[in-house]
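Below: the structure, in structure tokens.
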Amino acid sequence: MSDRKVVLAYEDVGFGDELPELVPDVSMATIRRFGATTGMTYWRFTDHERARASGLPGAIVPGIMSQGILVSLIHRWAPEATVHKIDTIFRAPVLVDSQPICRGVVTDMDDENRRVELDLTVSNEEGETRVLGTALVEL
């Protein structure tokens, strides 16, 4: 096995190409590590019972972490890519200790600037879209 990085070139990408799916680790342990690192230790992210008592379906994944997971989806697909912009809409919470699936698809290509636009989603186990967005990526 080689240690060489696979570089995805703009010429290797086509309109409609799908990024490999990602099932991120959103376990309570991971959320707590993220919270300790970012200072986001709020109960709505780290305590299922308290979150439910306040009307949430359980502890939720911080939105900024969901965005970071989507950026990791992009970098797994194209490790050398530059993400110029990511824009997300949070339709419903992603629950801690769930198994969300992240997907992406190439929806536009700019040959002059070697940039692609991606549509991105985070869905729950039932296939419901929880987070959706777009990213502008240079290859």
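A few remarks follow.
- Sequence-separation-based contact order of the chain, relative, with Cα cut under 8 Å and 6+ spacing, percent: 28 percent
- Cβ-to-Cβ counts within 10 Å put Ile60, Ile89, Ile31 in ascending order as Ile89, Ile31, Ile60, the fewest first.
- Rg/Rg_globular for the stretch 1-82, with Rg_globular taken as 2.2 N^0.38 Å and Rg from C-alpha atoms: 1.46
- Acute angle (nearest 10 degrees) that the helix 28-38 long axis makes with the longest principal axis of the chain, alpha-carbon atoms: 80 degrees
- Projected over every direction and averaged, the convex hull enclosing the alpha-carbon atoms of the stretch 82-139 yields 4.2 nm².
- The stretch 22-104, relative contact order in percent, only Cα pairs under 8 angstrom and at least six apart counted: 41 percent
- Remark: C-alpha extents of the chain on the principal axes read 52, 32, 25 Å, sorted largest to smallest.
- 0 to 90° range, to nearest 10: angle between helix 63-77 axis and the chain longest Cα axis: 30 degrees
- Computed magnitude of the charge dipole of the stretch 1-134 (debye, nearest 20; Cβ of K, R +1, Cβ of D, E -1): 780 debye
- A simple spin-label model places the labels of Glu21 and Ile64 3.0 nm from each other, with each point 7 Å out along Cα-to-Cβ.
- Cα-Cα P(r), the stretch 56-110, percent of pairs per 5 Å interval: 4, 15, 27, 24, 15, 9, 4, 2, 0
- The modelled label-to-label distance for the pair Arg52/Glu117, using points 7 Å beyond Cα in the direction of Cβ, is 4.2 nm.
- Computed label-point distance, nm, for sites Arg32 and His84 using a 7 Å Cα→Cβ extension: 4.2 nm
- Neighbour counts of other Cβ atoms within 10 Å put Arg91, Arg114, Arg103 in the fewest-to-most order Arg91, Arg114, Arg103.
Rule-based calculations on the coordinates, nothing more; no lab input. Keep in mind that what you see is a predicted model, and the values were worked out from it rather than measured. All Cβ positions, glycine included, derive from the backbone under ideal geometry; neighbour counts span all protein chains shown.
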